[in-house]
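Notes follow the structure.
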Amino acid sequence: MWRSAFAEPSMPKDPETAGQQDAPHTLIPFLQSQSQTALTRLYTRPSSCLAIFRLLGPIERQIVMSLLWLEGPIASQTLNGWVTKEGRKPYGTALDTLSKIQILPNPGTRMLLNPNFKASFRMALTGGGDLNSFGVPYVSSKEKDAERDGAGDKKFGPNSEHLDSYALERWETILHYMVSSGTDSTPQRPSAGVLYLLQRSGLMQPLPSPSGYSTASSRKTSQLQISSLGFQFLLHTPHEQLWELLLQYLKMVEERQMDLVEVLNFLFMLSTMDLGREYSPDNLTQTQLVMLEDLRDYGLIWQRKSSSKRFSPTRLATTLTSSTPLLPSSGGGNTGPQGFIILETNYRLYAYTDNPLQIAVLNLFVHLKSRYPNLVVGSITRDSVRKALNNGIRADQIISYLVTHAHPQMRRNNPLLPVTVQDQIRLWELEKNRLKSADGYLYTNFAAQADYQVVLDYAKQIGVVLWENSVKRCFFASAEGHSNIRGFIERRSKDEQM
């Protein structure tokens, strides 16, 4: 099994998704940047070890499971002998990843898992201990009575449908506010904490004043508009979107005087909880109690009211470390196996949806022409694509979005999208990047070639020349260098007169 697994490490059949499957989870580089002390504390919690194991790649997981039940170290040469020639590179990458997050210290000499990680991960798989690492289920008086009467399997609390509806409403409120910012529409505003996080992450920026600069009043009233990064964010899958916001949340932990390890432990604990079950907050730390209120705003946690003595994780939380779709239906990203977009070779697009968020995202790069109860019709035009490109969206992101949300009928085609449409979208991007504008001054009408050459050499020396034509004795320089060039010409003219 080792030889086969290392020879072909999670090799995807679809070449379009090969790079995505080989890439590590976005949280892994963040964990690699943490200190050994922080990681050692993190690995004392079984739920954290289980969640991190889920985030690892297939080769990393196989290495961990092969070493987990060994009581002593194993020589590195022994393990290396099981790897084929083709699998050496991915095997080495896997060892490097495990070493950087302190799961497998010093893999070059001997193979032995971090003792804290090994003990906690064993406990996560076999049970035992009283750490309440996976949360403390809340037991109401009704449930106690039901257990006493022999009906212990009866469920109390919110059902999964209610939690999905709540999470979808909270999450789409954030996305719809982003996509509608700067327009005439007035969508529901997320909480102040969410708006601050969107601004700190660079996904939204203060609305500029008529003079072109953001004012103190606009920042104070949180008048934000979507940024170039925000437009790109809208085309990502919900899983990528959620982790992008959570990573920014983790980066703000220090300035909020919160314990990073406790924050990570709580996120990992949520990812291992059961959907539809209520949990008690009594065993949470002060940092984690603050997180309860924050994560409610993102739709990860449901509570009847802020002072409630119980909480329930939504599907957004329980699938944090899973490949399962975050929600049954989400307009901003992956809609599961059922897509909704049909694209024809004449650039005409049909979207079978009535979701306002999905329609708003399509409006970023599609010229919408007509709308019906469950259908939107539009076209991909040069102007609509250029508008998207000007907002920071790349051609490959547009194509990736169309592929991800393609209708099942489209998936019978090979290739999935019309080649003419893909090529034209890329050509429009090349056309935009071919021309660049810059403010500056054109210098011409030089009396002699020598005068032109002396001034040109000076402008090149200070690095402000953007274009030149020696035949016509003219060149174009940036606006920043105009005062220096003008001063040089004036000084040279005075010297010649003397």
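Highest mean first, how do 453-463, 346-356, 295-305 rank when packing is the count of other Cβ atoms within 10 Å averaged over residues?
Put in order of decreasing packing, that is 295-305, 346-356, 453-463.
Per residue, how many Å² of accessible area does segment 160-318 show with a 1.4 Å probe?
Heavy-atom accessible area per residue stands at 44 Å².
Amide H of GLU468: which non-local residues (sequence gap of 5 or more, or other chain) have their own amide H closer than 5 Å, using H built in the peptide plane?
Residues meeting the amide H criterion: PHE476.
Of the accessible area of segment 160-318, with the probe set at 1.4 angstrom, what percent is carbon plus sulfur?
Of the solvent-accessible surface of segment 160-318, carbon and sulfur hold 47 percent.
Quick query: amide H of GLY440 versus all other amide H atoms, modeled in the peptide plane; which residues come in under 5 Å with a sequence gap of 5 or more or a different chain?
Amide H neighbours of GLY440, under 5 Å, 5+ apart: ALA479.
With 26 Å as the limit, write out which pairs from LYS436/LYS472; LYS432/LYS472; LYS100/LYS251; LYS387/LYS436; LYS85/LYS118 have Cα-Cα distances beyond it, or answer none.
In this structure, LYS432/LYS472; LYS85/LYS118 lie more than 26 Å apart at Cα.
The values are calculated or read from the model by the stated rules, or taken from the named source; none is laboratory data. Because the structure is predicted, anything quoted here is derived from the model rather than measured. No Cβ is skipped: glycine too gets one built from the backbone with ideal geometry, and neighbour counts run over all protein chains shown. Side chains are part of the model used for accessible areas, which takes the heavy atoms of the whole protein and leaves out ligands, DNA and RNA. Shrake-Rupley method; radii C 1.70, N 1.55, O 1.52, S 1.80 Å.
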